[in-house]
Amino acid sequence: MDEREPMLRTEGLSKHFGGLAAVREVALACRVEELHAVIGPNGAGKTTLINLLSGDLAPTAGRILVAGKDVTGLPAHRISRLGVGRSYQKTNIFLPFTGFENCRLSAQSRLQPSMRFFAPAHAHAPTRAAAERALAMAGLEGRAGVVAAALSHGEQRQLEIAMTLATAPRLLLLDEPLAGMGAEESARIVELLKRLRAEHAILLVEHDMDAVFAVADTLTVMVDGAVLATGSPDAIRANRAVQEAYLGSNEADIVSK
Amino acid sequence: MSAAAPGRRAPVAGVAVLLVCLAALLLMPLGVDKFYVQLVTKMMIMAVFAMSLDLLIGFTGLVSFGHAAYFGVAGYVLAYAAPQYQAASLWVSLPLAMAVSGLLALVIGLFVLRTSGVYFIMVTLAFAQMLYFVFHDTKLAGGTDGVYIYVRPDAALGEWAGGWKPFDLENFVHLYYVVLVLLVLTWIFLRRVIDSPFGRVIAGIKVNEPRMRSLGYATFRYKLASFVIAGTLAGMAGYFAAAQFGFVNPDMLGWHLSGSAIMMVILGGMGTLGGAALGAFMMMLLELLFQGLTKHWQLLMGGSIVGVALLLPHGLLGTVAAWWGRRVAAKDSERTDG
Ligand SMILES: Nc1ncnc2c1ncn2[C@@H]1O[C@H](COP(=O)(O)OP(=O)(O)OP(=O)(O)O)[C@@H](O)[C@H]1O
Ligand SMILES: [Mg+2]
């Protein structure tokens with residue numbers, strides 16, 4: 001890979017749902033050691049953008065490059081295996097499994113050949129260790145044995161992140177990881193993001209502006225599917241168009257403060 | 001850490017019940033008439049068939065409505081493999097029958113696994129019915145009348161073993177014990193598969209397939225493998241059914257049998273394996289019981305299945321397992337609280 005080639009790069013990325021252009025001509029990049037936050041009002045197309053990047057949806061037009069490799073149109077599992085991990089805005093976990101098993105199954109995807117029919121899955125120590133690590137990172141170490149359905153909403157949000165980390169991705173796509181979390185857990189995840197930045201490229205979609213401005217190196221503002229502005233947090237704060245786009249919404253004062 | 005894997009803590013009572021059942025099955029031929037030995041042989045064959053379907057329904061989340069196809073085709077393979085009035089070699093014809101069923105499952109799986117939900121149910125049914133009509137409407141293998149298998153497969157080993165014959169399938173007690181061994185082996189095999197990395201993947205697919213994909217699993221491949229394993233085991237059951245009855249006809253691959261197998265799995269409890277076997281025994285016992293009572297026995301049969309479905313939504317064994325799970329969980333929380 002070219003040293004200067006970012007971990008993630010998109011060109012003219014678009015997605016249409018019938019007549020609705022949910023994502024239009026989005027070009028952005030994200031490097032290792034960079035936390036790139038994407039903000040924007042409800043319905044701006046942030047989740048759709050992440051769905052395109054993770055392969056959950058196929059783009060209508062444009063290109064996606066992961067570490068310089070064109071992954072446009074690849075199925076989600078292939079993109080995942082290139083080192084892309086995503087979390088979901090709407091909690092998407094295995095409810096009947098324990099927290100541990102949720103993470104163990106995630107780690108198994110990378111650490112264990114899965115077309116094995118006889119050895120017990122749980123005997124594989126590296127996978128277990130990776131699962132425990134991921135749970136601890138997300139602050140769930142004490143809750144490993146609890147069935148996911150019995151976890152609190154906030155804990156399920158933490159588990160969502162732990163599962164994503166358990167696949168040891170190089171590029172993290174996080175869709176509103178803090179939504180539904182208590183203040184304490186939020187603070188913990190923000191600290192985690194700061195630590196993860198050292199070795200990962202992180203694309204963060206988040207409504208919590210305090211958190212965003214605390215951790216982001218780069219900010220992209222999306223409105224109506226298109227990029228309104230991209231730049232450093234300070235540049236975005238000072239941006240007229242951004243201030244106007246947020247005028248009247250409760251995020252306005254945070255952006256302009 | 002507790003309960004990292006569901007069902008990991010085998011309840012002592014469960015193991016005890018299992019051992020008692022096994023002992024009863026082992027001793028039974030010593031004490032009862034030929035009729036009952038043959039009846040239980042038939043039940044055990046259906047139990048293997050039902051467990052193979054439970055791998056799909058209960059453990060992969062695939063409700064196949066065409067599982068009899070793999071059962072019936074293996075029966076036809078035996079009928080073809082046996083020269084008329086002579087025995088086919090067990091050691092050649094059994095692997096052949098299972099391979100044909102497995103291959104058929106592979107080919108059909110490649111098509112049907114592209115669909116899901118109600119469409120999957122319909123398409124599996126459609127494929128099985130297509131095969132049914134191939135045997136029903138062509139002179140390929142006796143048409144509607146079917147084919148007789150006059151002599152049961154021969155278990156004699158080759159020249160290298162001096163033609164030694166470890167057992168004789170014409171002997172109904174021998175056949176009984178061979179089928180019992182296969183039942184136990186199938187159970188052990190499937191238990192291991194379920195606890196394996198593969199087994200965890202299909203369990204994940206059953207619960208949340210899109211999430212499995214985004215974790216990096218090519219889910220189609222695992223569903224196909226599960227479909228082939230289930231088809232191959234159904235083939236083993238169908239082979240012994242044909243050997244026991246001495247007769248195959250198109251009904252062996254019809255939707256009626258596919259439907260019965262689904263009911264066995266539901267009656268016993270999906271995703272419990274032992275439940276599927278129990279369901280097979282229960283279905284056939286009820287059938288026998290009601291047939292003796294009235295000629296409208298099908299009505300009673302349907303009624304009792306509806307009854308079980310309403311009263312025990314997790315099936316017989318599923319309900320017991322769920323109750324046990326709650327008990328263990330309650331004890332756990334007592335321990336951590338106190
Ligand atoms: N599968 C779909 N089919 C049709 N329209 C869709 C689909 N997914 C999203 N949309 C539409 O695309 C637009 C963008 O939605 P998206 O979920 O990406 O917004 P968002 O920025 O994530 O919003 P939020 O902040 O509320 O999560 C919305 O108008 C939404 O209704
Ligand atoms: Mg969203």
List every residue pair whose Cβ atoms lie under 6 Å apart, where the two residues are 6 or more positions apart in sequence or sit on different chains, the first residue falls within the stretch A:71-96 and is under 25 Å from A:E199 (Cα atoms) and within 16 Å of ligand 1 (Cβ to nearest atom), and the second residue, located anywhere, is part of a strand (DSSP E or B) and hydrophobic (A, V, I, L, M, F, W, C). A:R86/A:L173; A:S87/A:L174
Restricting attention to the stretch B:247-277, and to residues there that are assigned to a loop (DSSP other than H, G, I, E, B) and open to solvent by 10 Å² or more (accessible area, probe 1.4 Å), which single residue is nearest to B:H174 (Cα to Cα)? B:N249
Just for helices (runs of 4 or more DSSP H) wholly inside the stretch B:3-97: which have at least 2 residues that are more than 20 Å from the chain's Cα centre (by Cα) and touching a residue at least 12 places away in the same chain (Cβ under 8 Å)? B:12-31, B:68-81
Cβ-Cβ below 6 Å, separation at least six or inter-chain, first residue in the stretch A:125-138 and farther than 15 Å from A:R188 by Cβ, second of a type in the set (G, A, S): which pairs? A:T127/A:A107; A:A130/A:A107; A:A130/A:A166; A:A131/A:A107; A:A131/A:A166
Which pairs have Cβ atoms under 8 Å, sit 6 or more apart or on different chains, and link a residue in the stretch A:16-42 that is closer than 24 Å to A:R237 by Cα to one that is basic (K, R) and within 13 Å of ligand 1 (Cβ to nearest atom)? A:V23/A:K15; A:V38/A:K46; A:I39/A:K46; A:G40/A:K46
Spans of strands (runs of 3 or more DSSP E) in the stretch A:33-152 with at least 3 residues within 16 Å of ligand 2 (Cβ to nearest atom): A:34-39
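Could you check how many residues of the stretch B:133-146 are open to solvent by 40 Å² or more (accessible area, probe 1.4 Å) and within 23 Å of B:H67 (Cα to Cα)?
To start, the set of residues in the stretch B:133-146 that are open to solvent by 40 Å² or more (accessible area, probe 1.4 Å) comprises B:133-134, B:136-140, B:144-145.
Add one more test, that the residue is within 23 Å of B:H67 (Cα to Cα), and what stays is B:133-134, B:136-138, B:140, B:144-145.
Final tally of qualifying residues: 8.
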Hits in the stretch B:216-233 - residues which are touching a Leu at 6+ places or on another chain (Cβ under 7 Å) and closer than 20 Å to A:R110 by Cβ: B:F220
Which listed residue is among the small types (G, A, S), under 29 Å from A:I39 (Cα atoms) and open to solvent by less than 10 Å² (accessible area, probe 1.4 Å), from A:S106, A:S152: A:S106
Which of the residues spanning the stretch A:119-135 are open to solvent by less than 40 Å² (accessible area, probe 1.4 Å) and out of contact with any helix residue (DSSP H, G or I) (no Cβ under 6 Å at 6 or more places or on another chain)? A:H122
Return the residue satisfying two criteria in turn: it lies in the stretch A:24-63 and is within 17 Å of A:G231 (Cα to Cα) and small (G, A, S), and of such residues it is nearest to ligand 1 (Cβ to nearest atom). A:G40
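Inside the stretch A:155-168, can you point out the residues that are within 16 Å of ligand 1 (Cβ to nearest atom) and either surrounded by fewer than 21 Cβ atoms within 10 Å (Cβ to Cβ) or under 16 Å from A:A107 (Cβ atoms) (or both)?
Matches in the stretch A:155-168: A:E160 only.
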Residue pairs within 6 Å by beta carbon, gap of at least six or interchain, first lying in the stretch A:160-188 and touching a residue at least 40 places away in the same chain (Cβ under 8 Å), second in a loop (DSSP other than H, G, I, E, B) and within 16 Å of ligand 1 (Cβ to nearest atom), listed first then second, are A:E160/A:T91; A:I161/A:P177; A:D175/A:Y88; A:D175/A:Q89; A:E176/A:Q89; A:E176/A:E206
In the stretch A:169-185, what residues are open to solvent by 20 Å² or more (accessible area, probe 1.4 Å) and either in contact with a strand residue (DSSP E or B) (Cβ under 8 Å, 6 or more places away or on another chain) or not in a loop (DSSP other than H, G, I, E, B) (or both)? A:R170, A:A183, A:E184, A:E185
Note down all Cβ pairs under 7 Å where the first residue falls in the stretch A:46-62 and is in contact (Cβ under 8 Å) with a residue 40 or more places away in the chain and closer than 20 Å to B:G216 by Cβ, the second is within 7 Å of ligand 1 (Cβ to nearest atom) and of a type in the set (S, T, N, Q), and they're at least six residues apart or on different chains. A:L57/A:T48
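The values are calculated or read from the model by the stated rules, or taken from the named source; none is laboratory data. Everything quoted here is computed from the prediction, not taken from an experiment. Using ideal geometry, Cβ is built from the backbone for each residue, glycine included, and neighbour counts are taken over all protein chains shown. Keep in mind that these areas ignore ligands, DNA and RNA; they rest on the heavy atoms of the full protein, side chains included. Shrake-Rupley method; radii C 1.70, N 1.55, O 1.52, S 1.80 Å.
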